[in-house]
Amino acid sequence: MILPKTPRLTADQVTELNAIVGEFGCKLQPIVGAVRTIYAIVGDERDELMINRIEGLPYIERVDRIQSPHKLMDRRSDLASHRIKLGGFTLGEQLLVIAGQCTIDPKNPNFFYETAAAVKEAGANVIRGGVWKPRTNPYTFQGDAKSLDILMEGARRTGLPVDAEVMDEAQLRLALDAGVPMLQVGARNALNYSLLRAIGAAVAGRDTVVLLKRGLHMGPLNEFISAAEYIVSFGNPNVLLCPRGTSPALDGYRNHPDESITPLLKEKTWAPVVVDPSHSVGKAAYVPACALAAVAYGADGLCIEAHVQPAKGIGDDPKQALTPDVLKTTITQARQLWAMRRG
Ligand code: PEP
Ligand code: MN
């Protein structure tokens with residue numbers, strides 16, 4: 001819908017607009033109001049170039065799009081009936097819980113195995129473990145490819161699927177070759193379109209699930225949903241949207257908690273929303289409340305950092321990992337709340 005700056009366009013302006021939309025296979029339909037005339041674009045109005053050309057005209061105020069720019073992720077898309085499955089778990093039938101260490105310590109694999117067993121016992125459906133880590137400080141531990149074997153051994157011992165972040169194509173290849181069933185795109189890479197495309201292409205034709213974190217500085221929800229569209233456009237629709245707090249932080253928290261965007265996401269897209277309360281608030285003491293808030297807002301799942309001995313963990317674990325007993329209580333309460341919301 002084209003909104004001009006003036007109440008009515010001149011005949012020359014209408015001719016110019018008609019020529020532009022015509023180039024893109026569309027037509028112009030004036031909608032004459034008492035005070036103002038606006039112009040509907042009849043046809044596929046999603047072409048960015050057409051919109052940019054119209055918005056660049058000096059007599060146009062703006063173009064409001066009715067069609068969604070992310071046609072596959074849109075709630076109205078045929079994919080809305082798709083159910084994402086992972087290791088016997090179907091999203092939407094129960095609250096999905098991904099839990100485990102922020103970072104696997106390759107020197108102490110037993111911590112990971114013990115944590116994996118404990119989070120399974122606490123009720124988790126997927127074990128998370130960071131193999132390669134995006135660290136703000138280049139002198140801190142960056143992860144280690146050796147941890148991939150530890151991650152897969154944790155999967156074998158528990159019989160549960162595992163999740164790990166990949167930051168480049170070499171890691172993507174190693175993770176897929178090792179059989180990692182859930183790949184994580186981290187907050188720092190959520191707008192890395194080359195990586196999103198590479199992941200989309202690599203997981204097409206497989207049943208791999210991608211957990212897409214919300215970018216640290218992401219603003220409009222369309223930015224987040226369009227990042228998922230990049231992956232899904234290659235043919236694998238198994239994408240989970242993961243709000244994890246944005247920057248700048250709310251004073252006292254690690255980030256600005258954003259679990260409240262869950263209902264907004266669910267209005268626009270069919271994709272399940274799996275909230276990460278751990279990176280959102282960044283302190284173990286605040287994580288359970290944030291997890292419950294996410295479920296109250298309608299989340300389909302949670303991704304929570306946990307460790308058998310948080311103080312002995314590396315990466316984020318000492319400050320934000322839950323101990324297995326707190327994790328268990330949180331999962332129990334979250335599942336009760338999830339069931340209550342279902343009525
Ligand atoms: C993580 O999951 O440990 C992580 C680094 O997350 P994020 O990308 O959300 O910061
Ligand atoms: Mn972490």
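Taking every DSSP bridge with both residues inside the range 1-144, close to 70 percent are antiparallel.
Shown for S77, S280, S247: other C-beta atoms within 10 Å of each C-beta, ranked fewest to most, produce the order S247, S77, S280. With a cut-off of 9 Å between beta carbons, the residues surrounding I98 carry a summed charge of -1, where Lys and Arg count +1 and Asp and Glu -1.
When the inverse distances between all different Cα atoms of the range 137-198 are averaged and flipped, the Kirkwood radius reads 12.6 angstrom. Packing around the peptides 19-27, 331-339, 226-234, taken as the average count of other Cβ atoms within 10 Å per residue, puts them in this order, highest first: 226-234, 331-339, 19-27. Helical runs (DSSP H, four residues minimum) scored at -39500 (n - 2.57) apiece and divided by the length of the chain put the mean residue ellipticity at 222 nm at -11000 deg cm²/dmol. Computed 3J(HN,Hα) for the range 287-296, one whole-Hz value per residue from the Karplus formula 6.51 cos²θ - 1.76 cosθ + 1.60 where θ = phi - 60°, is 5, x, 5, 5, 4, 5, 4, 4, 5, 4, glycine and proline marked x.
With the highest mean first, a sort of the peptides 293-303, 46-56 on other beta-carbon atoms found within 10 angstrom per residue produces 293-303, 46-56. Under a 5 Å amide H cut-off, with hydrogens placed 1.01 Å from N, V162 pairs with I127, M182 among residues at least 5 apart or on other chains.
Counting charges near D74 (Lys, Arg +1; Asp, Glu -1) among other residues having Cβ under 13 Å from its Cβ returns a value of +4.
Measuring nothing but alpha carbons in the range 1-147 and taking Rh as the Kirkwood radius, the Rg to Rh ratio lands at 1.30. Could you pull out the pairs from K213/K312; K213/K266; K107/K133; K120/K328 whose alpha carbons sit more than 18 Å apart here? K213/K312, as the Cα separations exceed 18 Å there. Where a ≥ b ≥ c are the square roots of the eigenvalues of the C-alpha gyration tensor, would you call the chain rounded, which needs a/c under 1.5, or, failing that, prolate if a/b is larger than b/c, or oblate? Cα axes put the chain in the prolate bin.
Read-outs: derived from the displayed coordinates by stated rules, not from any lab. Being a predicted model, the structure only gives us computed values, none of them experimental. A quick note on method: Cβ atoms are made from the backbone with ideal geometry, for glycine too, and the neighbour counts reach across all protein chains shown.
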